[in-house]
1. What about residue 120, is it among the hydrophobic types (A, V, I, L, M, F, W, C), more than 19 Å from residue 227 (Cβ to Cβ), more than 14 Å from the chain's Cα centre (by Cα) and exposed (fewer than 15 other Cβ atoms within 10 Å of the Cβ)?
2. Of the residues 59, 91, 128, which single one is farther than 20 Å from residue 231 by Cα and in contact with a Pro (Cβ under 9 Å, 6 or more places away or on another chain)?
3. Within the stretch 94-107, is there a residue that is within 18 Å of the chain's Cα centre (by Cα) and either assigned to a helix (DSSP H, G or I) or surrounded by fewer than 18 Cβ atoms within 10 Å (Cβ to Cβ) (or both)?
4. Name the single residue, out of those in the stretch 161-211 being of a type in the set (Gly, Ala, Ser) and in a helix (DSSP H, G or I), that is farthest from residue 68 (Cα to Cα).
5. Which condition number does residue 58 fail, the rest of (1) buried (at least 21 other Cβ atoms within 10 Å of the Cβ); (2) under 30 Å from residue 136 (Cβ atoms) being met?
6. Looking only at residues in the stretch 63-98 that are small (Gly, Ala, Ser) and free of Cβ contacts under 8 Å to residues at least 12 places away in the same chain, which one is nearest to residue 129 (Cα to Cα)?
7. Any residue in the stretch 124-145 that is within 24 Å of residue 99 (Cβ to Cβ) sitting within a Cβ distance under 7 Å of a residue that is not polar (S, T, N, Q) and not in a strand (DSSP E or B)? List the pairs, counting only those 6 or more apart or interchain.
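Just so it is clear, none of the values below were taken in a lab; they were calculated from the coordinates. None of the values given here were measured: they were computed from a predicted structure. Ideal geometry is used to build each Cβ from the backbone, glycine not excepted, and the neighbour counts take in all protein chains shown.
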Amino acid sequence: MRYKRRISWFSCGAASAVATKLSEPDVIGYCHTGAEHEDNARFMRDCEEWFEQKITILKNPKYENTWEVWEKRKFLAGVAGAPCTGELKIKPRLEFERENDIHVFGYTADSSDVKRAESLTEHWPDLKCEFPLIERGITKAACLAMIQTAGIKPPLTYALGFPNANCLPCVKATSPSYWALVRKEFPEKFERMVELSRRLNVRLARIDGERIFIDEIPLNQKTTEPLAPECDFLCAIAEQDFN
């Protein structure tokens with residue numbers, strides 16, 4: 001049997017960075033999607049210095065970015081998720097992983113992330129997972145605070161009001177506030193998605209339980225607000241583990 005590796009899956013977000021720092025992995029993996037904000041590259045370099053470890057970048061050679069996946073597959077998102085996730089995140093991970101690897105994920109103690117972690121273990125029962133943030137009760141707001149305490153500036157998308165540092169835009173988002181923020185901060189990307197979603201007849205947003213096209217979102221729709229960093233005693237205890 002090969003040496004059992006601990007792989008921390010870094011996503012250029014504050015939570016995955018803190019989870020990586022806490023887990024002391026053998027390998028840090030990052031699945032490149034070609035669709036993240038350019039400041040994520042700066043954050044990755046800062047984190048490599050913090051980790052004192054290089055990050056292994058994985059990429060599906062068939063696709064340059066999320067837009068190419070959507071165009072070639074003629075599909076944006078559905079009840080089973082989005083094809084970009086499968087092609088750009090899951091496939092590279094599956095090709096890289098070994099049977100006895102331990103996988104570290106940066107799901108936080110926020111209720112939505114706990115559900116995502118539960119869903120992951122349910123759909124991938126053979127995957128050996130660790131969730132250090134959930135185990136320590138660390139939230140997204142706490143992760144932002146811990147990153148800043150470490151002297152690292154979070155990715156710019158957080159300051160703009162986005163809840164994470166994921167792809168821009170993310171077709172799995174249904175919140176009109178999210179799409180209103182994309183429209184405000186990245187109008188070219190928004191208009192490109194308007195054209196593509198109309199062409200594929202996909203209503204990405206949801207208002208009062210009804211699916212609508214994103215260009216039907218009212219112009220006065222409020223946008224999502226930046227998450228305020230907040231560190232409690234659990235956060236402070238975890239920071240001691242950094243040392």
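1. no
2. Working: 91 fails: in contact with a Pro (Cβ under 9 Å, 6 or more places away or on another chain); 128 fails: in contact with a Pro (Cβ under 9 Å, 6 or more places away or on another chain).
Unique residue meeting the criteria: 59.
3. Of the stretch 94-107, the ones within 18 Å of the chain's Cα centre (by Cα) are 94, 103-107.
Next, only the ones that are either assigned to a helix (DSSP H, G or I) or surrounded by fewer than 18 Cβ atoms within 10 Å (Cβ to Cβ) (or both) stay: 94.
Yes, the stretch 94-107 contains at least one residue that is within 18 Å of the chain's Cα centre (by Cα) and either assigned to a helix (DSSP H, G or I) or surrounded by fewer than 18 Cβ atoms within 10 Å (Cβ to Cβ) (or both).
4. Filtering the stretch 161-211 for residues of a type in the set (Gly, Ala, Ser) gives 161, 165, 173, 175, 177, 180, 197, 205, 209.
Still in the running and in a helix (DSSP H, G or I): 177, 180, 197.
Numbers: 177: 25, 180: 23, 197: 14 Å.
Per the stated criteria, the residue is 177.
5. That leaves (1) as the condition not met.
6. Within the stretch 63-98, the subset small (Gly, Ala, Ser) is 77-78, 80-82, 86.
Now restrict to residues that are free of Cβ contacts under 8 Å to residues at least 12 places away in the same chain: 78, 80, 86.
Working: 78: 26, 80: 22, 86: 19 Å.
Among those that are small (Gly, Ala, Ser) and free of Cβ contacts under 8 Å to residues at least 12 places away in the same chain, it is 86.
7. From residues that are within 24 Å of residue 99 (Cβ to Cβ), the pairs are 128/101; 129/105; 129/120; 131/105; 131/107; 131/117; 132/19; 132/22.
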